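Peer 1: Shown below is the structure under consideration.
The values are calculated or read from the model by the stated rules, or taken from the named source; none is laboratory data. Small disclaimer: the values here were computed from a predicted structure and weren't measured. Here Cβ is always computed from backbone atoms with ideal geometry, including for glycine, and neighbour counts include all displayed protein chains.
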Amino acid sequence: MPVDWSTHIRKCLDGTAPNHDTDQWLLPGLTKEQSRAHLRLFPERSIPAAVLIPLVERESGITVLLTRRATQLKNHAGQISFPGGRMEPEDVGPREAALREAREEIGLDPGFVSVAGYLPDHIILSGFRVTPVVGFVSPGFELFLDRFEVESTFEVPLAHVFDPANHRTRLRRLGASEVEFEVYDIPYGEYSIWGATAGMLVSLYRLCGIQ
């Protein structure tokens, strides 16, 4: 019987709230226990940030809305990512930051977004502490891309993201150190979803996936 992912994910995320306790931090794609084993990789000081994980409720099934970052950016140029960025003083919390960034980067009207909940904070090795905000997006929205930030957008079926056969693992070494840890890639057609973006999707799968 097909899974009603809309109901299931909302149930899994019901009651979640932003939690910035260091013992809850995750390295993208790692479990809590695995993240604890690599505490030395965590930055001494982290920069608060938030991203929106937009789940679009299409008639054919839920999709994940992703962006390809502009190639001229100094950081993460050309990478696949969620809309988001560092928190600003006017942001009340991660929800407001994620919705603001989504509006600024891709023109997504917050009125189309229903926030379902939050994933644990993910630590990015560049020094950001990112709170993933999971939101369901109603169809009918229009996107207006900030071309300085975003080259394009595309949607991936959630069924593809949640199929463990599409979770490709590889070892990553941090700089010149001997520290290695497992990261995930999720290929989809011409796209390769990797890094923190793939790790957050794997975290969502672990929380809400049907094992």
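Peer 1: Go through the stretch 91-136 and count every residue that is of a type in the set (Gly, Ala, Ser) and outside any loop (DSSP other than H, G, I, E, B).
Peer 2: Taking the stretch 91-136 and keeping what is of a type in the set (Gly, Ala, Ser), we get 93, 97-98, 102, 107, 111, 114, 116-117, 126-127, 135.
The next check asks that each one be outside any loop (DSSP other than H, G, I, E, B); those that pass are 97-98, 102, 111, 114, 116-117, 135.
Number of matching residues: 8.
Peer 1: Would it be correct to say that GLU57 is surrounded by 14 or more Cβ atoms within 10 Å (Cβ to Cβ), at pLDDT 95 or above and part of a strand (DSSP E or B)?
Peer 2: yes
Peer 1: Related question: Do the conditions hold for VAL130, that is, is it hydrophobic (A, V, I, L, M, F, W, C), closer than 11 Å to ALA50 by Cα and modelled with pLDDT of 95 or more? Explain how you work it out, then say what you get.
Peer 2: Values: hydrophobic (A, V, I, L, M, F, W, C): yes; closer than 11 Å to ALA50 by Cα: yes; modelled with pLDDT of 95 or more: yes.
In short, yes.
Peer 1: Quick check on the stretch 22-54: of everything there that is in a loop (DSSP other than H, G, I, E, B) and within 19 Å of the chain's Cα centre (by Cα), which residue is surrounded by the most Cβ atoms within 10 Å (Cβ to Cβ)?
Peer 2: Going residue by residue through the stretch 22-54, those that are in a loop (DSSP other than H, G, I, E, B) are 25, 27-31, 37-38, 42-46.
Adding the requirement that they be within 19 Å of the chain's Cα centre (by Cα) leaves 25, 27-31, 42, 46.
Numbers: TRP25: 19, LEU27: 24, PRO28: 23, GLY29: 26, LEU30: 22, THR31: 13, PHE42: 15, SER46: 17.
The residue in question is GLY29.
Peer 1: Just name the residue that is nearest to the chain's Cα centre (by Cα) out of those in the stretch 137-172 that are of a type in the set (S, T, N, Q) and in a strand (DSSP E or B).
Peer 2: THR153
Peer 1: Could I ask something else about it? Give the residue, chosen from LEU207, LEU201, that is touching a helix residue (DSSP H, G or I) at 6+ places or on another chain (Cβ under 8 Å), closer than 19 Å to THR7 by Cα and surrounded by 21 or more Cβ atoms within 10 Å (Cβ to Cβ). Walk me through how you get there before you give the answer.
Peer 2: Numbers: LEU207 fails: surrounded by 21 or more Cβ atoms within 10 Å (Cβ to Cβ).
Only one candidate qualifies: LEU201.
Peer 1: Also: Only one residue in GLY93, GLY140, GLY135 is buried (at least 17 other Cβ atoms within 10 Å of the Cβ), of a type outside the set (D, E, K, R) and either more than 21 Å from ASP14 (Cβ to Cβ) or at pLDDT 90 or above (or both). Which one? Step through it out loud before you land on a result.
Peer 2: Details: GLY93 fails: buried (at least 17 other Cβ atoms within 10 Å of the Cβ); GLY140 fails: buried (at least 17 other Cβ atoms within 10 Å of the Cβ).
Only one candidate qualifies: GLY135.
Peer 1: State which residue pairs qualify: first residue within 24 Å of PRO139 (Cβ to Cβ) and inside the stretch 111-127, second residue of a type in the set (A, V, I, L, M, F, W, C) and assigned to a loop (DSSP other than H, G, I, E, B) in any location, beta carbons under 7 Å apart, and separation of 6 or more residues or different chains.
Peer 2: PHE112/PHE141; TYR118/ALA17
Peer 1: Return the residues of the stretch 117-155 that are among the hydroxyl-bearing types (Ser, Thr, Tyr) and touching a Phe, Trp or Tyr at 6+ places or on another chain (Cβ under 8 Å); say none if nothing qualifies.
Peer 2: THR131, SER138
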